[in-house]
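To start, the structure itself, in structure tokens.
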Amino acid sequence: MAATDILADKTIRATLKAAVEAGKPRKISDGGGLVLDARPTGAGWWRLRYWRDGKEGLLSLGTYPEVSLKDARRRRDDIRKLVAAGKDPSEHRKAEKAERARARESKALADAGLPGPGTFEHVARMWVSTVHESKVTPAHARRTLARLETHVFPWLGRRPIADIEAPDLLACLRRITARGVVETAHRVKDACGQVFRFGIGEGACRRKPAN
């Protein structure tokens, strides 16, 4: 089994200095696929080579000394565990990045008093602004949004759109028809159906309870 944890900070600093003086990059290995790429600029980039399904992959783990030798080893070991579990480290990193982006978006929306991503209201507002407004007059789009704000958002707006079932939507429509405004109920049902279709395309839900 190949040796790991070979490097020391003294060796890393000496290699960085040598790369600057020579004006050429140098690479030193800590084992287990972890390499420090010393650049002529004095920067040191941690790279990790890994193999999955017979194919080689390469990940950047940050720069030295911002990412210390200890932290680089920890990241290497975490990634090797992912590979051993049959997972793709690159896809895992993309998923983590996407999750952080969603968390930032959720916080920004919450700070603004708006519903978070994936909720019915969030998807509905996206549909109005990105699809509906381009197909109808501004007045028509405002009326559609006003109907959703009045008849749907108070009950379903904050719920994940993927969790909404046909009885949930039917309850909203019955509240409208109970007031004798059947035409409004039909328009709300149609708008909700388009919101769900849009949500399916965006990956926010898998099916449309409004038929």
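Helix 89-111 axis versus longest C-alpha principal axis of the chain: approximately 50°, rounded to the nearest ten. Taking amide H positions as modeled 1.01 Å from N, with prolines and chain starts lacking one, the residues under 5 Å from residue 119 and 5 or more places away or on another chain are 161.
Taking θ as phi - 60° and the Karplus parameters 6.51, -1.76 and 1.60, the scalar couplings of region 137-149 work out to 6, x, 5, 4, 4, 5, 5, 4, 5, 5, 5, 5, 5 Hz in sequence order, x denoting glycine and proline.
Each stretch of four or more DSSP H residues adds -39500 (n - 2.57); spread over every residue of the chain, this sum gives -17000 deg cm²/dmol at 222 nm.
The relative contact order of the chain comes to 11 percent, based on Cα pairs under 8 Å that sit 6 or more residues apart.
Mean separation of Cα pairs under 8 Å and 6 or more residues apart, divided by the residue count, gives region 120-202 a relative contact order of 40 percent. For region 123-177, the percent of C-alpha pairs falling in each 5 Å distance bin, counted from 0 to the bin holding the largest distance, reads 4, 18, 26, 23, 18, 10, 1.
Taking only the alpha carbons of region 9-99, we obtain Rg and Dmax values of 14.1, 42 Å in that order. Just list whichever of 27/81; 10/87; 81/208; 17/87 have alpha carbons separated by over 28 Å in the model shown. Beyond 28 Å: 10/87; 81/208; 17/87.
Computed from the C-alpha gyration tensor, the three semi-axes of the ellipsoid equivalent to region 87-211 are 29, 16, 14 Å, from longest to shortest. Look at the dipole of the chain built from charges on Cβ: of 167, 36, 119, the Cα furthest out on the positive end belongs to 36. Here the peptides 52-64, 187-199 are ranked by packing, the mean other Cβ count within 10 Å, and the order with the highest first is 187-199, 52-64. Residue by residue, region 167-173 carries 3J(HN,Hα) couplings of x, 5, 5, 4, 4, 5, 5 Hz when phi is fed to the Karplus relation 6.51 cos²θ - 1.76 cosθ + 1.60 (θ = phi - 60°); x denotes Gly or Pro.
The alpha carbon radius of gyration of the chain, expressed as a multiple of 2.2 N^0.38 Å, is 1.60.
Placing +1 on the Cβ of every Lys and Arg and -1 on the Cβ of every Asp and Glu, with no other charges, gives region 98-171 a dipole of roughly 240 debye about its Cα centre.
Annotation: lysines with alpha-carbon distance below 27 angstrom to residue 107 (same-chain offsets under eight excluded): 94, 97.
None of the figures in this text is laboratory data; all of them are computed from the coordinates on show. Since the model is a prediction, treat every value here as computed from it, not as a measurement. No Cβ is skipped: glycine too gets one built from the backbone with ideal geometry, and neighbour counts run over all protein chains shown.
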